[in-house]
Amino acid sequence: MTTQATPSAPTPTPSLPTPLTPTSDRDSSRDFTRSYTQIHAELRQDSAELQRQVLLWQRWIRYAAVLVAGISAVVRYGSGDTRGAWLPVAAAAALYFLFTALVGRILERPPVQGETKGLPRGVATFTLLADLLMVSALVYFSAPPSQFHRILILGFLGLQLTVFYFGRWLGIASAVTTIATYIIASRFVPPHIAGPAPLWSVLLINSALFAFVSGVLVMIFGSFRSRMNNLRQFVKRVEVGDFTGEYDSSADKRPDDLTLLGESYNEMRSRLIELVGTDVLTGCVSRRAFESRLSREWRQARRRTSTLAVLMVDIDHFKDINDSNGHAAGDMVLAELGEIMRSTARETDTVARLGGDEFVIMLPDTAWQGAMTFAERLRRNVDEHRFELAPGSVLPITISVGVALAKGSDPVTHDDLLQSADRALYKAKSGGRNRICA
């Protein structure tokens with residue numbers, strides 16, 4: 001239907017074109033599901049790549065450990081009757097050096113075609129196991145059993161690096177394996193250097209102390225890593241234009257610097273919503289934010305079987321306004337038109353600027369009569385408004401409006417609804433402008 005400045009005929013019920021394939025509720029949210037699935041996949045890939053880089057730079061720490069082990073062996077066994085005792089330490093250090101170099105070559109290897117770049121499965125576990133074996137060998141070949149508590153002391157370094165970079169569960173496994181190695185080496189393996197074995201009471205006390213400190217480290221660093229992953233997920237969602245995620249700093253029972261980072265993210269998110277979600281010139285919602293809202297409102301309409309109306313609005317002869325009066329005059333018209341549309345709309349409605357002089361208005365829970373009445377009221381408000389370039393200089397501004405509506409039970413998508421409104425707008429402009437078509 002087409003209405004001019006004074007419509008008098010009743011409005012027939014238009015119909016939307018039937019798409020080739022009906023869309024279900026699951027289909028209507030498929031884009032969001034795909035986005036979230038992609039986000040989780042990217043997070044896993046990023047974590048694997050980060051762990052690969054961590055193992056690469058940590059190899060220099062392992063090379064330094066080999067050097068320290070060699071120097072210690074020379075100082076400890078470099079003279080006297082124990083001169084040949086440095087050989088086991090040197091052999092263990094050499095094997096550890098070769099293993100570290102091999103892992104480095106594997107991690108530096110470029111991925112083959114079709115393979116994602118990241119940490120190969122099992123490399124982190126075998127590397128951390130090699131670290132523990134190296135520490136145990138160094139202590140075993142250089143000290144009597146009464147000094148095997150050094151395994152626990154050196155194990156703290158590996159435990160911290162493990163929990164912080166590779167997660168809580170691998171950290172727990174590292175702590176348990178370290179305690180088990182300490183006990184087995186102290187009581188069940190023949191000593192390399194003669195000496196009394198520690199008492200069971202000493203073993204249990206040392207193991208309990210190590211377990212307590214390890215538990216604290218796992219709790220702190222494991223939680224830190226989990227919270228960091230949550231924050232990274234929020235940032236990833238912002239990358240695809242989803243601003244719904246917010247870091248809950250009140251859930252942090254032990255606030256730290258990451259809590260401050262989460263609060264900074266929330267402030268940044270609020271500012272981005274203002275900058276990205278709002279058109280600066282008109283104060284209307286931006287195109288991307290509108291697309292997100294339209295998809296969400298359509299899903300709700302399908303669940304409630306309610307109606308959703310969309311109005312496409314275009315300024316008549318806007319190019320002539322810019323050509324004759326300059327772009328400053330065009331910006332003034334756009335800004336005032338945005339204000340008129342936002343003041344005409346309800347709080348539940350959404351007014352967006354798609355670009356140039358093209359606007360769109362979404363009216364949830366609005367039937368045909370209400371949508372047509374709103375469109376006519378908007379057209380009349382614009383027609384009666386005085387767009388003044390200067391005192392006494394008024395621009396005659398009119399708009400054309402295309403209206404489309406669908407029920408949640410209709411076999412259409414929100415894109416079909418938007419395209420139908422756009423076609424109705426084209427009819428209104430082709431029919432003489434300053435009118436409404438549905």
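Residues in the range 138-165 that are open to solvent by less than 20 Å² (accessible area, probe 1.4 Å) and without any contact (Cβ under 8 Å) to a residue 60 or more places away in the chain: VAL139, ALA143, PRO145, PHE148, ILE151, LEU152, GLY155, LEU159, THR162.
Here's a check for you: in the range 346-376, which residue that is assigned to a loop (DSSP other than H, G, I, E, B) and surrounded by 17 or more Cβ atoms within 10 Å (Cβ to Cβ) is farthest from the chain's Cα centre (by Cα)? For the range 346-376, the residue satisfying everything is THR366. Here the range 178-205 is the region considered, the condition is being outside any loop (DSSP other than H, G, I, E, B) and surrounded by 16 or more Cβ atoms within 10 Å (Cβ to Cβ), and the residue that is farthest from the chain's Cα centre (by Cα) is SER186.
In this structure, does ARG109 turn out to be modelled with pLDDT of 75 or more, of a type outside the set (Gly, Ala, Ser) and either closer than 30 Å to LEU311 by Cβ or under 31 Å from the mean Cα position of the chain (by Cα) (or both)? Yes: the conditions hold for ARG109.
Selection of the range 311-324 for residues being in contact (Cβ under 8 Å) with a residue 12 or more places away in the chain and open to solvent by 70 Å² or more (accessible area, probe 1.4 Å) yields only HIS317. With respect to (1) more than 30 Å from THR344 (Cβ to Cβ); (2) modelled with pLDDT under 75; (3) not in a loop (DSSP other than H, G, I, E, B), the lone exception for GLY245 is condition (3).
Scanning the range 223-234 for residues that are over 13 Å from LEU161 (Cβ atoms) and in contact with a Lys or Arg (Cβ under 9 Å, 6 or more places away or on another chain), we see that the one that is surrounded by the fewest Cβ atoms within 10 Å (Cβ to Cβ) is SER226. Please tell me if ARG168 is over 17 Å from PHE212 (Cα atoms), among the basic types (Lys, Arg) and open to solvent by 80 Å² or more (accessible area, probe 1.4 Å). No. Return yes when ARG293 is assigned to a helix (DSSP H, G or I), more than 25 Å from LEU389 (Cα to Cα) and open to solvent by 40 Å² or more (accessible area, probe 1.4 Å) and no when it is not. Yes.
The values are calculated or read from the model by the stated rules, or taken from the named source; none is laboratory data. Source: prediction; values computed, not measured. Heads up, the Cβs are rebuilt from the backbone with ideal geometry, glycines too, and the neighbour counts pull from every protein chain shown. What goes into the accessible areas is simple: the full protein's heavy atoms, side chains included, and nothing from ligands, DNA or RNA. Shrake-Rupley method; radii C 1.70, N 1.55, O 1.52, S 1.80 Å.
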